[in-house]
Amino acid sequence: MLVATPATAQQPPAVTASPNSGPAGSSATFTWSGFYRCKGTVRIGWGGSVLATAPWAANGSVTATIPAGAKEGSYVFTASDECNRLARGTFRVTPAPVTTTTTPPVTPPPVTNPPVTAPPVTTRTPVVTTTTTPPVTTTTTPPSSSQPSSSASEPAGPGAGVLVLDKENIQPGDDLTATGTGCPGGADVTLKSLGQDVGRTVADENGEFTSPVRFTDIEPGRHKVRAECGITLVGNVDVTLSSSSGGTTGTLVVLLFFLLVGAAMLRRQFAGLRR
């Protein structure tokens with residue numbers, strides 16, 4: 001039996017964002033690792049929709065833009081492949097930077113003094129009139145700063161809902177547990193599959209829940225498990241049947257017995273013909 005050493009053991013899938021916080025509309029690089037099983041496409045999910053896709057690689061990254069409508073708060077993003085392997089991370093949307101607008105100073109127009117006109121010359125000694133230019137007062141409007149007043153932050157919007165099953169393949173009778181996020185706090189959660197209820201629980205104050213999944217009657221194949229709590233979360237599980245060789249071995253023994261009996265009867269008939 002070959003035992004994987006720490007150097008060759010496959011790590012569980014993981015995903016991170018760099019930076020892991022920023023305002024709506026900013027860019028972040030999402031880096032994943034541990035997706036060894038499937039080829040095709042790696043998807044980055046956000047709020048129940050696909051934020052970005054990239055060609056499959058066990059370890060890789062892709063740059064995407066945080067949705068412009070995202071409000072301040074923590075959001076769960078995911079990375080998944082064609083085999084529904086899933087990894088989750090958290091990104092915090094921060095407030096947009098405040099822009100300060102400064103009004104330029106007002107420059108008054110230049111003041112022009114009127115020309116002085118000399119009095120006419122007469123035979124008498126002219127009276128000299130002195131015109132005094134009144135002082136000009138210049139008023140300068142100081143620059144004003146307008147800055148929007150701060151308001152209370154709106155409550156953070158809900159993150160993306162995710163339903164994770166602890167096993168990808170089960171046989172009838174095996175234990176299966178569902179874990180989910182994104183429900184309203186304290187909401188009733190109903191798990192359904194094939195039109196039947198397979199589990200019930202109540203989400204905690206953070207909208208997270210954990211519940212066993214119990215199938216009363218299930219056939220082999222891929223089945224969807226839906227969690228309904230005001231929103232609908234979906235997960236997949238494959239049901240298989242274990243093979244057994246006991247019936248085949250018994251059938252071969254019976255066939256061999258009848259072949260031996262038939263051969264013995266033929267020998268007796270040939271022996272009688274010879275006599």
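For ASN20 and ALA68, calculate 0.36 nm times their separation in residues minus their Cα-Cα distance, and state this gained length in nm to one decimal.
This chain segment gains 15.7 nm when fully extended.
Quick check: pseudo-label points 7 Å beyond the Cα along Cα→Cβ at THR101 and VAL50, how many nm apart are they?
A separation of 4.1 nm, rounded to one decimal place.
In whole Å, how far is the Cα centre of the range 194-225 from that of the range 77-101?
Distance between centres, Cα-based: 27 Å.
Taking a cut-off of 28 Å between Cα atoms, list the lysines near LYS192, but don't count ones fewer than 8 places away on the same chain.
LYS167, LYS224
Taking the simple approach of a point 7 Å from Cα along Cα-to-Cβ for both GLU208 and GLU228, what is their distance in nm?
2.6
Report the full-extension gain for the segment ASP238 to THR177: residue separation times 0.36 nm, less the Cα-Cα distance, to one decimal in nm.
20.6 nm
Just so you know, all these numbers are worked out from the coordinates, no wet-lab data involved. Just so it is clear, the model here is predicted, and its values are computed rather than measured. Positions of Cβ are generated from backbone atoms using ideal geometry, with glycine treated the same way; all protein chains shown enter the neighbour counts.
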